[in-house]
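Here is the structure we will look at, set down as structure tokens.
The values are calculated or read from the model by the stated rules, or taken from the named source; none is laboratory data. None of the values given here were measured: they were computed from a predicted structure. Methodologically, a virtual Cβ is constructed for each residue, glycine included, from the backbone with ideal geometry; neighbour enumeration extends over all protein chains shown. When the accessible area is computed, the model is the full protein with side chains, heavy atoms only, and any ligands, DNA or RNA have been set aside. Shrake-Rupley method; radii C 1.70, N 1.55, O 1.52, S 1.80 Å.
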Amino acid sequence: MDRILATHTGSLIRPPELLAFLAAKERGQDYDEEAYQKCLRESVDDVVRRQVEAGIDVVDDGEMGKASWITYLYERVSGLEVRPIQIEGASMLPPSRDRQAFPGAYAALDALDEAAVRESNAAASSALPDEEAASGAGVAWVCTGPLTYDRAALDRDIANFKAALSGHDGVEGFLPVVAPASAYWLQNEYYPSDEEFVFALADALHEEYKGIVDSGLLLQVDDAVMMHEADTMMSRGESWDDYRRWADLRVRALNHALRGLPEDRIRYHVCWGSWHGPHAFDPPLRDVVDLILAVNAGSYAMEQANARHEHEWRVWEEVALPEGKKLIPGVVTHHTNVVEHPELVAQRLTRLAGVVGRENVLAGTDCGFAQGSFIQRVHPEIQWAKLAALAEGARLASRELWGPTHRAAAAV
């Protein structure tokens, strides 16, 4: 690799025409299935084209075929039952010390998010009796039988994505999917122990992971909960050791799900939660980096473009990146509407490359821009401007790191 490749972490804002179908689908209303599938294919074609036009080298399908980066899984796994739960306030997010320290701020933020949260919950609510759905209750997914994976939706997503990729030379594709630790709002009433439950989930996810790799696409495993669960557990009075035991089990389960798959085809993405909040109690990267590196992946993607985590590029001055591994730092973020200057993007890339080696760095985003069909962190126009700035910054960094060959390319 003679330049820094531009990529991102996956979830992109869905177009209005697709959202119209998803709203009807998730509310249990009648819709034209053939027209929906046609719209989905066209949405994937369009999102791939726009990524390529923005200058992204390693693209995805924007998760157009998923309700959210987590709950899509519950539509593809058997053995689950949907049940109502009562939500305190407008948020389904877990308790945390951050929320305890900033109650007024989160109340205001939750009020802003309320409509989006209710809309994104409509899929599961439509499976409840009318009176429960109308009450504003949230939902949980409860495991009441053996977990098995149904590949139908995955095969559809792979086919749509590969068809969209076929018209673009020199571009590689990845599909993002959830990690065992991030399968949230999922409760166990079937398996005898938590460990047996988590490993059964890993066995189901292995079918998904293997299907993606076997298709020739890169696999990205998303694991935001792995990081922010530390804050949640300690807000309930549990200890750091309790968190480490919880996390260790789920790292082992993830590696079980990844068994037999080539590491160079696997990207592992962690973040500290995509919501716009203080994040004052995020665990420092230096305290969890060993958990990240314990995952059998070839590339590690993580936040490095926001005010809470940008300084953590210096962790790699103290922690050796294992031989053959790569980093995908966030160099633009969903946490602000400000579009990063390409020269700032280049600075973020070159300083990290100076520590771990230019050949071991790709340019990425902190997190996705739309964690669910009806949740978006910035306006679509800003999303595309940020991706273009990311790509331009990667070109500038490549010119600085590789020299004259890239000066001419960056000037074109």
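Could you tell me what fraction of 2.2 N^0.38 Å the Cα radius of gyration of the chain comes to, as a two-decimal ratio? Can you show the working numbers first?
Working: Rg = 20.5 Å, N = 412, 2.2 N^0.38 = 21.7 Å.
Ratio of Cα Rg to 2.2 N^0.38 Å: 0.95.
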Under the rule a/c < 1.5 gives rounded, and otherwise a/b versus b/c splits prolate from oblate, where does region 298-412 land using the Cα gyration tensor?
oblate
Tell me what the chain gives for mean residue ellipticity at 222 nm when only DSSP H runs of n ≥ 4 count, each as -39,500 (n - 2.57), the sum divided by the residue total, rounded to 500 deg cm²/dmol.
-14500 deg cm²/dmol
Given a 10 angstrom Cα cut-off, can you work out which residue in GLY357, GLY65, GLY170 is the most mobile in a GNM of the chain?
GLY170
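Give me the number: length gained by fully extending GLU42 to ALA320, i.e. 0.36 nm times residue separation minus the C-alpha to C-alpha distance, one decimal in nm.
So the chain would gain 95.7 nm between GLU42 and ALA320.
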Percentage relative contact order, region 23-95, counting C-alpha pairs under 8 Å, at least six apart
18 percent
Length released on extending from ALA159 to ALA111, taking residue separation times 0.36 nm less the Cα-Cα span:
13.4 nm
Taking r as the C-beta separation of ASP214 and VAL82 and R0 as 30 Å, the FRET efficiency to the nearest 0.05 is 0.45
Taking amide hydrogens as modeled 1.01 Å from N in the peptide plane, which residues meet the under 5 Å criterion relative to VAL177, leaving out close sequence neighbours?
GLN220, VAL221, ASP222
Separation between the ALA35 and ARG245 pseudo-spin-labels, each 7 Å from Cα along Cα→Cβ, expressed in nm?
5.5 nm
Taking a ≥ b ≥ c as the square roots of the Cα gyration tensor eigenvalues, with a/c under 1.5 meaning rounded and otherwise prolate when a/b beats b/c, else oblate, which class fits region 223-285?
oblate
Taking only protein heavy atoms and a 1.4 Å probe, what accessible area per residue, in Å², does region 306-412 have with all protein chains in place?
43 Å²
HN-Hα J in Hz across region 376-382 - Karplus 6.51, -1.76, 1.60, θ = phi - 60°, x for Gly and Pro:
9, 8, 9, 6, x, 4, 6
Please give the Cα centre distance for region 349-404 versus region 266-324, rounded to the nearest Å.
15 Å
Estimated inter-spin distance, SER193 and ARG151, nm [label 7 Å along Cα→Cβ]:
3.1 nm
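Taking 0.36 nm per intervening residue step and subtracting the Cα-Cα distance, what contour gain separates HIS311 from TYR184 on full extension?
Values: separation 127, 0.36 × 127 = 45.72 nm, distance 2.90 nm.
Stretched out fully, the HIS311 to TYR184 stretch lengthens by 42.8 nm.
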How high is the relative contact order of the chain, in percent, with contacts defined as C-alpha pairs under 8 Å that are six or more residues apart?
22 percent
Length-normalised contact order of region 296-360, Cα under 8 Å, at least 6 apart, in percent, tallies to 37 percent
For the chain, set up a Gaussian network in which alpha carbons nearer than 10 Å are linked by springs, and say which option among ALA385, ALA397, ALA253 fluctuates the most.
ALA385
Vicinal HN-Hα couplings computed from phi for region 60-77 (Karplus, 6.51 cos²θ - 1.76 cosθ + 1.60; Hz; Gly/Pro x):
9, 8, x, 6, 4, x, 10, 5, 7, 5, 9, 6, 3, 4, 6, 7, 10, 10
In order over region 290-301: 3J(HN,Hα) from phi, Karplus 6.51/-1.76/1.60, θ = phi - 60°, whole Hz, x for each Gly or Pro, gives 5, 5, 4, 6, 6, 6, 7, 10, x, 9, 10, 9
For a quick check of your reading of the filter: which GluC sites (Glu not before Pro) in region 134-200 sit in a DSSP loop and have no more than 13 other Cβ atoms within 10 Å?
GLU189
Using a 1.4 angstrom probe on heavy atoms only, work out the carbon and sulfur share of the accessible area of the chain in %.
50 percent
For region 205-256, with every protein chain kept in place, what is the accessible area per residue (1.4 Å probe, Å²)?
32 Å²
